[in-house]
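In what follows, a structure is listed as structure tokens, so that the remarks can point back to it.
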Amino acid sequence: DGAAEQSVPAGPWRNRITRYGEEAPDQLLAHEKNWRVHPRAQQNAMKGVLDAVGFVQNVIISERSGKCLDGHLRIQMAISEGQPTVPITYVDVTEEEEALILATMDPLSAMAGTDKELLAGLVFSLNPSSSEVQQMLEILANNNGITPPIFGASGVDEHGRLDQKKALCCPSCGHEFTA
């Protein structure tokens, strides 16, 4: 009859998290199937955020294999910075599920779209103390078509008062910003 088939729910999603903890980063195992590489710019930006804020996301470790499923860069940086521990979420998954997690976790996040107006407002509201974080935010804005200048090397004092600035309009969303 041409009607589209509807999928039947498989039931409640299983909670695969078994526990939380902290471990010395040099005692954790990288997963040999981790396909993500971390260029220097990403490492520098991550260090800037970790220095400014600290950990806000746990590393994910498989209970069965003891291997890292997410957070390889945070572990690597914690080792290089001499951090005593990293926060961990332990999960109970099979070897096949580990591979699925490694293959899909970052790409699923990357599939999200961008609300340019909200991103512009968020980025323009920040005043990062790290030049690496500043550079990352500028790249993020540029990659999303947000072109007004975001950060300056000098503060308001050198450029005058904000209420004396000319308003700029974002060509993508029409949001007005003070230049």
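The values are calculated or read from the model by the stated rules, or taken from the named source; none is laboratory data. Model, not experiment: these values are computed from the prediction. Neighbour counts are summed over all protein chains in view; Cβ atoms, including those assigned to glycine, are modelled from backbone coordinates with ideal geometry. Just so you know, the surface numbers come from the protein's heavy atoms only, side chains and all, with ligands and any DNA or RNA stripped out. Shrake-Rupley method; radii C 1.70, N 1.55, O 1.52, S 1.80 Å.
Conditions (1) modelled with pLDDT under 95; (2) touching a Cys at 6+ places or on another chain (Cβ under 9 Å); (3) within 30 Å of S130 (Cα to Cα), marked per residue:
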site	(1), (2), (3)
G11	yes, no, no
T18	no, no, no
V53	yes, no, yes
R64	no, no, no
G82	no, no, yes
T89	no, no, yes
L100	no, no, no
M105	yes, no, yes
**Study point:** Within region 35-93, tally of residues that are closer than 30 Å to N127 by Cβ and charged (D, E, K, R)
**Key:** 7
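How about region 24-51: which of its residues are in contact with a Pro (Cβ under 9 Å, 6 or more places away or on another chain) and modelled with pLDDT of 95 or more? Before you say what the answer is, go through the steps one by one.
Of all residues in region 24-51, those in contact with a Pro (Cβ under 9 Å, 6 or more places away or on another chain) come to 24-25, 48-49.
Across region 24-51, the qualifying residues are A24, P25.
Taking region 95-120, which residues are in contact with a strand residue (DSSP E or B) (Cβ under 9 Å, 6 or more places away or on another chain) and open to solvent by less than 60 Å² (accessible area, probe 1.4 Å)? Walk me through it before giving the result.
Taking region 95-120 first, the residues in contact with a strand residue (DSSP E or B) (Cβ under 9 Å, 6 or more places away or on another chain) are 95, 97-98, 101-102, 105-106, 120.
Scanning region 95-120 gives E97, E98, I101, L102, D106, A120.
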Exercise for review: For region 32-58, name all the residues that are at negative phi, out of contact with any Ser or Thr (no Cβ under 7 Å at 6 or more places or on another chain) and open to solvent by less than 70 Å² (accessible area, probe 1.4 Å).
Suggested key: N34, H38, A41, Q43, N44, A45, M46, K47, V49, L50
Check your understanding: Filter region 6-25 for residues that are of a type in the set (D, E, K, R) and exposed (fewer than 12 other Cβ atoms within 10 Å of the Cβ); which is farthest from H72 (Cα to Cα)?
Key -> R14
Review point. Could you list, in sequence order, the residues of region 59-83 that are small (G, A, S) and either open to solvent by less than 50 Å² (accessible area, probe 1.4 Å) or on the phi < 0 side of the Ramachandran plot (or both)?
Key: S62, S65, G66, G71, A78, S80
**Study point:** Filter pass, V86 being surrounded by 14 or more Cβ atoms within 10 Å (Cβ to Cβ), in contact with a helix residue (DSSP H, G or I) (Cβ under 6 Å, 6 or more places away or on another chain) and closer than 25 Å to L29 by Cα
**Key:** yes
Check your understanding: Has region 47-68 got at least one residue that is more than 20 Å from P107 (Cα to Cα), touching a residue at least 12 places away in the same chain (Cβ under 8 Å) and of a type in the set (S, T, Y)?
Key -> yes
